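Everything on this sheet refers to the single structure shown next.
Values quoted throughout were computed directly from the atomic coordinates according to the rules given, and no laboratory measurement underlies them. The structure displayed is predicted, hence computed values, not measured ones. Heads up, the Cβs are rebuilt from the backbone with ideal geometry, glycines too, and the neighbour counts pull from every protein chain shown.
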Amino acid sequence: MNPTDCYFAGLDIGGSTVKAVLVDAAAEQAGPPVEVKSRVKEGYETTFAQLESALDQLAAGAGIERSRIRGVGLDVPAPSSNGVIWGKANLGDDWVGTDIRGELSARLGVPVYMTNDCNAAAVGEYALRKYHTSSLMLVAPGTGLGGGFVLPGGRVYEGVNGMALEVGHVTVPFREEDGSLPACSCGLTGCAEAWVSLMALRRRVGIELAKPQWAAHPLNQGDLTIEEKAFRLRDFAAAGDELAVSIFKQQGFILGYMIADMVRVFDPGLVVIGGGLAESAFRDDYMKWVEEGFADRAWAVFRYSPVEPEKQTTRFEWATGGDAAAAIGMAYTARELFA
Ligand SMILES: [Zn+2]
């Protein structure tokens, strides 16, 4: 086959859907993106059938035979190493310990690359910035706090075991008002994720609403669950509600602290903030709070060049790929590796 006739697919497996993107040999998207149910709880074979369906739909959308898809990039919502998933997350039991990459490659008859969803989204953000050739660090507050680091040229840095860039579990120098360090989902205390995540919002909103000053707050009326209260917090913040703004302001500030420590290690030049806040109505304020935290913690040289005082040494941008970023990153990587 003529190399210019080849296509590459990115498949992003989430808890409920698979998002799929096709690129051609020039790394341009071909045909529309596709979304199918992931059915991950039913075992990996069931999901593989869904992946094949997604590939069929991608090929049909681009008007090509599926045999012209010469490589696949796959990302999974779980820690994985060398094509093998190490932790269940919200997948079915049989995913863990299986050579998922090898099984899928054998089934499809094409090479497969596999990594986790945060790494994939980081590469996607890199691929979407077509004129960006230096490195990029992604931090993505969501249910947890994930991260990814892309090296100059576009290859993700995964670490030897695929476990690098667990930025959510860097310790930050903050305590609750009673002096305690908050517990993290990972079993440690004081992690950045314990302050900057949906889990953190639930804890923080519970603590704040128990204070007398918020007794009359609308979120204290009725019998909303803590999950519902945390969910509504974003709309309240967008409307300028004092409590909601104070909670997100603290979260952004602490995120800036964590980023400053990561920048001191990786010096990425560009930090991309992903996750759902990238689409929030108060994102400009949130970015300002992140940059305030960063300014408080970062060395001066990581803000401006000492010899060109106007030149920023670390820039911040919002993610642009939305929830398609991971699939885009995996299509891009498959083309890089298998073209
Ligand atoms: Zn942790």
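Mean residue ellipticity at 222 nm, helices only, the chain: -11500 deg cm²/dmol; runs of at least 4 DSSP H residues each add -39,500 (n - 2.57), and the sum is divided by the number of residues. Shown for region 103-243 is the translational diffusion coefficient from the Stokes-Einstein equation, using the Kirkwood radius over Cα pairs, a temperature of 10 °C and a viscosity of 1.306 mPa s: 89 µm²/s. For the chain, DSSP calls about 55 percent of its internal beta bridges antiparallel.
Scoring 178-191, 297-310 by mean Cβ neighbours within 10 Å over their residues and listing the highest first yields 178-191, 297-310.
At full extension, TYR157 and LYS41 could sit 38.9 nm farther apart than now, given 0.36 nm per residue minus the alpha carbon distance. The gain in end-to-end length when the SER185 to ARG283 segment is fully stretched comes to 32.7 nm, 0.36 nm per residue minus the alpha carbon separation.
As a ratio to 2.2 N^0.38 Å, the alpha-carbon radius of gyration computed for region 136-319 takes the value 1.07. Size of the chain: Rg and Dmax of its alpha carbons, in Å, are 21.0, 71.
Which whole-angstrom value gives the distance between the alpha carbon centres of region 126-157 and region 256-282? A separation of 10 Å, based on Cα centres. Here's the picture: a label point sits 7 Å out from the Cα of ASP99 along the beta-carbon direction, and within region 61-87 the residues with their amide nitrogen under 13 Å of it are 82-85.
Any idea what the relative contact order of the chain is, in percent, if you count C-alpha pairs under 8 Å spaced at least 6 apart?
Details: 689 pairs, mean separation 70.6, N = 339.
Relative contact order comes out at 21 percent.
When you count the other C-beta atoms within 10 angstrom of each residue and take the mean per peptide, 69-75, 198-204, 160-166, 330-336 line up highest first as 330-336, 69-75, 198-204, 160-166. Legend: residue pairs LYS41/LYS88; LYS88/LYS229; LYS130/LYS249; LYS130/LYS311; LYS288/LYS311, Cα-Cα distance threshold 20 Å; pairs beyond threshold, LYS88/LYS229; LYS130/LYS249; LYS130/LYS311. In order along region 107-124, the Karplus-derived 3J(HN,Hα) couplings, from 6.51 cos²θ - 1.76 cosθ + 1.60 at θ = phi - 60°, round to 5, 8, x, 9, x, 10, 9, 9, 8, 8, 5, 5, 4, 4, 5, 4, 5, x Hz, and Gly and Pro are given as x. Here the gap between LYS88 and TYR131, fully extended at 0.36 nm per residue and compared with their Cα-Cα distance, gives a gain of 11.8 nm. Counted over region 136-319, the DSSP beta bridges are approximately 60% antiparallel.
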